[in-house]
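K.L.:
First the structure, which I've put down as structure tokens, then a few questions once you've had a look.
The values are calculated or read from the model by the stated rules, or taken from the named source; none is laboratory data. These numbers were taken from a predicted model, which means no experiment stands behind them. Reconstructed Cβ throughout: ideal geometry from the backbone, glycine too, with neighbour counts over all protein chains shown.
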Amino acid sequence: MRTATKRTVSLAAIIAAGALALTACAGGTTPAAPEKGDAPEAEAITDVNIVVPADPGGGWDQTGRAIAQVLTGDGIVSSAPVTNIGGAGGTVGLASLANEKKQNTLMVTGLVMVGAVETNASKVRLEDTTPIARLTDEPLVIVVPAASPYKTLDDLVDDIVANGQAVSITGGSAGGADHILAGLVLEASGLKAEEIPTKLNYIPNSGGGEATALIIGNQVSAGISGVGEFVQHIESGDMRALAVSSENPVEQLPDTPTITDEGIDVVLTNWRGVIAPGGIDDATRAELERVVTELHETDAWTSELETRGWNDAFLIGSEFDSFLKTNIMDVSATLKNIGLVG
């Protein structure tokens with residue numbers, strides 16, 4: 001375990017504080033659903049198009065398909081087809097949303113996309129969309145192949161510090177939550193911001209299935225993703241978990257230490273939600289908020305959260321809008337602090 005004094009780096013704490021300030025619901029109450037009087041009446045939405053801005057297999061894909069299954073299974077809408085548009089941390093899908101003519105479209109988004117917009121210098125930004133809701137957050141897990149010589153997070157970090165680019169870490173898109181976590185761990189371990197890009201050999205992927213294949217195939221030294229994406233491979237013995245990024249141990253991996261337990265003061269959780277095309281009318285926005293609020297209130301959605309190890313992080317409408325604006329500023333500053341953007 002590392003014993004050197006380090007600065008605590010917790011983007012999750014910033015996000016949580018912002019959410020509490022916005023919702024004023026420290027007691028855990030759910031934000032109120034939009035009232036009918038808040039916007040002109042719209043024709044009830046019976047079909048929703050779900051866009052996943054990533055290839056199949058990752059957390060966004062799991063989220064999009066879970067949303068579609070619950071919406072149709074509980075009869076909230078009659079159909080919810082899912083389309084995958086992967087690439088560049090979701091910014092390819094984000095660009096497609098800018099040209100989307102179907103107003104009843106929901107795109108999965110999250111912390112990954114916030115970072116990818118910055119690292120890819122995307123012309124289309126999240127500010128160009130209509131925020132609908134934040135749905136979940138979850139901790140990340142740092143894993144190694146089953147046959148890896150690394151027994152602890154210290155072992156991995158020490159090798160990166162000593163051998164730099166010879167040690168490879170795979171995860172989601174460049175600038176996303178996985179990439180940010182790798183940078184924060186190295187920063188908190190003593191590397192300067194300008195050293196991190198020269199030491200960190202990060203291999204991005206547009207879908208969780210690709211990262212999984214690289215890790216299980218022993219083609220990389222380590223990997224990072226959401227706990228829900230890797231837990232089955234950890235349980236099967238194909239991967240070994242070194243640490244989770246939450247403040248406390250997670251239920252799915254009770255024997256896995258937190259990064260903080262390992263002496264590196266970093267806490268980070270990865271949020272996900274949904275956005276709609278920019279410029280939709282108020283009535284359509286209110287109707288989409290109604291659909292997502294009904295989704296959130298179902299037993300089926302609660303079951304999905306429990307099964308996948310996702311935390312309920314529900315924010316709707318203007319509260320999510322305010323959260324997103326703050327998160328964009330926080331992530332931009334964090335990426336600069338750890339040398340991932342200029």
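Matching residues to (1) polar (S, T, N, Q); (2) within 30 Å of THR46 (Cβ to Cβ); (3) outside any loop (DSSP other than H, G, I, E, B):
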{"site": "ALA300", "(1), (2), (3)": "no, yes, yes"}
{"site": "PHE314", "(1), (2), (3)": "no, yes, yes"}
{"site": "GLU319", "(1), (2), (3)": "no, yes, yes"}
{"site": "ASN327", "(1), (2), (3)": "yes, no, yes"}
{"site": "VAL331", "(1), (2), (3)": "no, no, yes"}
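K.L.:
Just to be sure, is VAL108 in contact with a Ser or Thr (Cβ under 6 Å, 6 or more places away or on another chain) and crowded, with 20+ Cβ neighbours inside 10 Å?
P.N.:
Spelling it out, VAL108 is indeed in contact with a Ser or Thr (Cβ under 6 Å, 6 or more places away or on another chain) and crowded, with 20+ Cβ neighbours inside 10 Å.
K.L.:
Something else about it: Inspect all residues belonging to segment 244-264 and state whether any of them is outside any loop (DSSP other than H, G, I, E, B) and more than 20 Å from the chain's Cα centre (by Cα).
P.N.:
No - not one qualifying residue is present in segment 244-264.
K.L.:
Might you let me know whether segment 62-81 holds any residue that is aliphatic (A, V, I, L, M) and within 22 Å of THR269 (Cα to Cα)?
P.N.:
yes
Per-residue answers, yes or no, for (1) touching a Phe, Trp or Tyr at 6+ places or on another chain (Cβ under 7 Å); (2) hydrophobic (A, V, I, L, M, F, W, C); (3) farther than 20 Å from THR63 by Cα:
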| position | (1), (2), (3) |
| --- | --- |
| THR83 | no, no, no |
| VAL92 | no, yes, no |
| ASN104 | no, no, no |
| LYS123 | no, no, yes |
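K.L.:
Okay, moving on. When you check THR293 against the structure, is it in a helix (DSSP H, G or I), under 25 Å from GLN69 (Cβ atoms) and free of Cβ contacts under 8 Å to residues at least 12 places away in the same chain, yes or no?
P.N.:
Details: in a helix (DSSP H, G or I): yes; under 25 Å from GLN69 (Cβ atoms): yes; free of Cβ contacts under 8 Å to residues at least 12 places away in the same chain: no.
Considered against the rule, which asks whether it is in a helix (DSSP H, G or I), under 25 Å from GLN69 (Cβ atoms) and free of Cβ contacts under 8 Å to residues at least 12 places away in the same chain, THR293 comes out as no.
K.L.:
Return the only residue of GLU100, GLU127 being assigned to a helix (DSSP H, G or I) and under 24 Å from LYS325 (Cβ atoms). Show your work before the answer.
P.N.:
On the way: GLU100 fails: assigned to a helix (DSSP H, G or I).
Being assigned to a helix (DSSP H, G or I) and under 24 Å from LYS325 (Cβ atoms) holds for just one of GLU100, GLU127, which is GLU127.
K.L.:
Starting from residues that are under 21 Å from the mean Cα position of the chain (by Cα) and acidic (Asp, Glu), keep the ones in segment 296-308 and report whichever is nearest to ALA68 (Cα to Cα).
P.N.:
The residue in question is GLU304.
K.L.:
If you don't mind, another one. What's the number of the condition THR136 fails, among (1) in contact with a strand residue (DSSP E or B) (Cβ under 6 Å, 6 or more places away or on another chain); (2) among the polar types (S, T, N, Q); (3) over 30 Å from GLU304 (Cα atoms)?
P.N.:
With (1) in contact with a strand residue (DSSP E or B) (Cβ under 6 Å, 6 or more places away or on another chain); (2) among the polar types (S, T, N, Q); (3) over 30 Å from GLU304 (Cα atoms) applied to THR136, the lone miss is (3).
K.L.:
Six or more apart or on different chains, Cβ atoms under 7 Å: show the pairs whose first residue is in segment 36-49 and over 16 Å from VAL82 (Cβ atoms) and assigned to a loop (DSSP other than H, G, I, E, B) and whose second is β-branched (Val, Ile, Thr) and at pLDDT 85 or above.
P.N.:
ALA42/THR284; ILE45/VAL77; ILE45/VAL291; THR46/VAL77
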